[in-house]
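See structure below.
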Amino acid sequence: MAAPLARMSVWPVTGRTISTAAALCRRVAPLGPLPNEQFRDKDLDSLKTYRSFTKYYRQADKESKKSNWWRSYRQFLYPKKDEDSQKVDIGFPYISSSAKERLKAQKEVVKANHKNLELEKASRHRTLLIPLDEVRAEWERTCGPSHIQRVAEHYGVYKDLFGEATFVPRVSLRVQYNSGEDTVMPVYYGNVVTPTEAAAAPGVSFEAEEGSLWTLLLTNPDGHLRETDSEYVHWLIGNIPGNQVFSGDEVCHYLPAFPAKGTGYHRYIFILFKQEERIDFKEELRPNPCHSLKLRTFKTLDFYRKYEDKITPAGLAFFQCAWDDSVTNVFHNILNMKEPIFEHQFPPVYHPPQVKFPHLQPLRYLDRYRDSDEPTYGIY
């Protein structure tokens, strides 16, 4: 049995054989330039070389910052403003210390903390208490004003009140509403305060030199019922001696917040102006009490332009407020008017044409096509 097998292995294989061949396809021109196309047919030794990665990274960063015909996602969200549309600073000037001086002071503080044995012991035993009041005072004195300015720009405070002008709030303005016997509701920079909590005039305090005069304004740029570009003045006190707010001339008495139902959150903005001299506010004086919304129509930009030679914005605080049950009482009993309610008018529900033999539809398919007078059990 072994011989036939050996004979078959020696004889050549005849018949049809299977062969593979590469299929040739026509090459298509690339959609764009090939990578490193600019180096084609060039001597690579003659090209510019970099001895360190620093120069290479610097050149790569410079090339990446060149403008392209498209806009990136960040450029689309945060478009650069033109030079002509730069905002005018109408606040007090501020001369900040150099970065070298700030770093030197920081190193001195760190060195003093390392030498403090009690501080090191409390930190090691996890009993160290951080004085939050001192931290807040330090923040208000150093980088706090610029942070407040950025938050106010984010909420559109300067744009809606002063147009193309802005200012850095150099004076720290503290506003608190007494919401109970032992509780207070502070106003920061965009926190939510309910109309019930803002029903009465708040307590306002700030640091002021003896003999200085100030003006305090509370306005709502989102609540005007007839004019989109106008505001409602809720509180205006002028010629405030020092920081004694209630000793000033009350030009317009306090009106509680009344954001209309269905209009969302409103911004209520406190602005503190420093006066150069005593001002006669007879033209701005409202009757007391003033329950007319027409008389309370106000524009902060017009007010500032009128007295810009005598007042300078120095402090800022604002909160957000939405409708609650106390707003109805303000409209009915204080403003003596019917409460407006804003609702969205939804379009009618679309139903496709009725099918005689619906396939894979709910069991109560015909409820969609009932007459309006007949009772329905929901839309399925």
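The values are calculated or read from the model by the stated rules, or taken from the named source; none is laboratory data. Keep in mind the model is a prediction, meaning the values are calculated, not measured. Every residue, glycine among them, receives a Cβ derived from its backbone with ideal geometry; neighbour counts consider all protein chains shown. When the accessible area is computed, the model is the full protein with side chains, heavy atoms only, and any ligands, DNA or RNA have been set aside. Shrake-Rupley method; radii C 1.70, N 1.55, O 1.52, S 1.80 Å.
Structure notes:
- The residues of the range 220-246 that are open to solvent by 70 Å² or more (accessible area, probe 1.4 Å) and either assigned to a strand (DSSP E or B) or of a type outside the set (D, E, K, R) (or both), listed by number, are THR228, ASN243, GLN244, PHE246.
- Test: residue in the range 77-94 that is without any contact (Cβ under 8 Å) to a residue 24 or more places away in the chain, over 21 Å from GLY163 (Cα atoms) and open to solvent by 100 Å² or more (accessible area, probe 1.4 Å): no
- Hits in the range 166-189 - residues which are farther than 23 Å from PHE258 by Cα, open to solvent by 40 Å² or more (accessible area, probe 1.4 Å) and of a type outside the set (Asp, Glu): ARG170
- Given (1) part of a loop (DSSP other than H, G, I, E, B); (2) within 27 Å of GLU153 (Cα to Cα); (3) over 26 Å from the mean Cα position of the chain (by Cα), number of the condition LEU293 does not satisfy: (2)
- Positions within the range 190-207 being open to solvent by 40 Å² or more (accessible area, probe 1.4 Å) and touching a residue at least 24 places away in the same chain (Cβ under 8 Å), in sequence order: VAL192, THR194, THR196, ALA199, ALA200, ALA201, SER205, GLU207
- Residues of the range 87-138 satisfying the condition of being aliphatic (A, V, I, L, M), part of a loop (DSSP other than H, G, I, E, B) and more than 30 Å from LYS306 (Cα to Cα): LEU128, LEU129, ILE130
- All conditions but one from (1) in contact (Cβ under 8 Å) with a residue 24 or more places away in the chain; (2) surrounded by fewer than 20 Cβ atoms within 10 Å (Cβ to Cβ); (3) aliphatic (A, V, I, L, M) apply to VAL327; the one that does not is (2).
- Among residues of the range 330-379, those that are in a helix (DSSP H, G or I), farther than 28 Å from GLU197 by Cβ and either open to solvent by 100 Å² or more (accessible area, probe 1.4 Å) or modelled with pLDDT of 90 or more (or both), counted: 1
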